[in-house]
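Some notes on the structure that comes next.
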Amino acid sequence: MTEYFQHMPYELPKLPYAYDALEPYLDARTMELHHAKHHATYVEKLNAALDGQGDLAAKPLDALLRDITAVPEAIRMAVKNHGGGHHNHSLFWKLMKKNGGGDPSGPVSEAITQSFGDIKSFRDAFTKAAVGVFGSGWAWLVIDVSEKISIITTPNQDSPLMQGFVPLLGLDVWEHAYYLKYQNRRPEYVEAWWHVVNWDQVAENFDAAM
């Protein structure tokens, strides 16, 4: 999960699919703007914030976010916002794929069932969390150091790493992620997104975390 996050200067990762690959669920124009404009801006401003920071700039991004309080106050908010934005989005692109969706299988499915009772109950709880985020933010399936999985939400571009969690699955519910196609109909966007979830990547994230 950390291949994009080693050291600055950070670069905008290429999408693992074409902008139109997730149609009709996520439209090509939104995907292009989301990746080439919004994500690119997070990368640019993160590099600017860490320019000249020496040892701090040499740390992997996930380490910076895990220990965000150790980042100097003068640049902490920039690293939190733009570093979180870069990290969150780099994960997000990989968590979707053409002909995705369906249900998870294997160990991650067993862990979800153990925590939520069944896959439908998990999906319902995750959807409720995503739809209920006030303003801009994210919904996440995360795992903690005790190997317990749970659903959390984060505001703005805050990363679960800042709270000691490892993200397994994440959904961007900022309006820029869906407004061109779904306007203010966030529930429709969330429902559509389930059709493109890349459960293979979720399973890979789970295995790495374990």
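Here are the numbers for the structure shown:
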| item | result |
| --- | --- |
| Karplus-derived HN-Hα couplings along region 18-23 (A = 6.51, B = -1.76, C = 1.60, θ = phi - 60°), whole Hz, x at Gly and Pro | 6, 4, 9, 5, 9, 4 |
| Charge sum, other residues only, whose C-beta stays under 14 Å from residue 84's C-beta, Lys/Arg counted +1 and Asp/Glu -1 | 0 |
| Of 148/181; 45/181; 94/128, those spanning more than 26 Å from alpha-carbon to alpha-carbon | 148/181; 45/181 |
| Karplus-derived HN-Hα couplings along region 153-162 (A = 6.51, B = -1.76, C = 1.60, θ = phi - 60°), whole Hz, x at Gly and Pro | 10, 10, x, 6, 10, 4, 9, x, 4, 5 |
| Net charge contributed by nearby residues that have their C-beta within less than 15 Å of residue 29 (K/R +1, D/E -1) | -3 |
| Hull shadow area, averaged, region 106-209 [alpha-carbon convex hull, nm²] | 6.3 |
| Residue 96 long-range amide H proximity, modeled H, under 5 Å | 198 |
| Rounded FRET efficiency, nearest 0.05, which uses the C-beta distance separating residue 195 from residue 110 and R0 of 25 Å | 0.60 |
| Relative contact order %, region 28-94, counting alpha carbon pairs below 8 Å whose residues are six or more apart | 41 |
| Net length gained if the chain between residue 41 and residue 156 were fully extended (0.36 nm per residue, minus Cα distance) | 39.9 nm |
| Note, ³J(HN,Hα) from phi for region 27-35, Karplus 6.51, -1.76, 1.60, rounded to Hz, x at Gly and Pro | 6, 4, 5, 4, 4, 5, 5, 4, 7 |
| Relative contact order %, the chain, counting alpha carbon pairs below 8 Å whose residues are six or more apart | 25 |
| Given (i) 10.8; (ii) 13.3; (iii) 11.8, the label whose value is mean projected area of the Cα convex hull in nm² derived from this model | (i) |
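Taken together, the values in this text are just the output of simple stated rules run on the coordinates, not laboratory data. Since the model is a prediction, treat every value here as computed from it, not as a measurement. Reconstructed Cβ throughout: ideal geometry from the backbone, glycine too, with neighbour counts over all protein chains shown.
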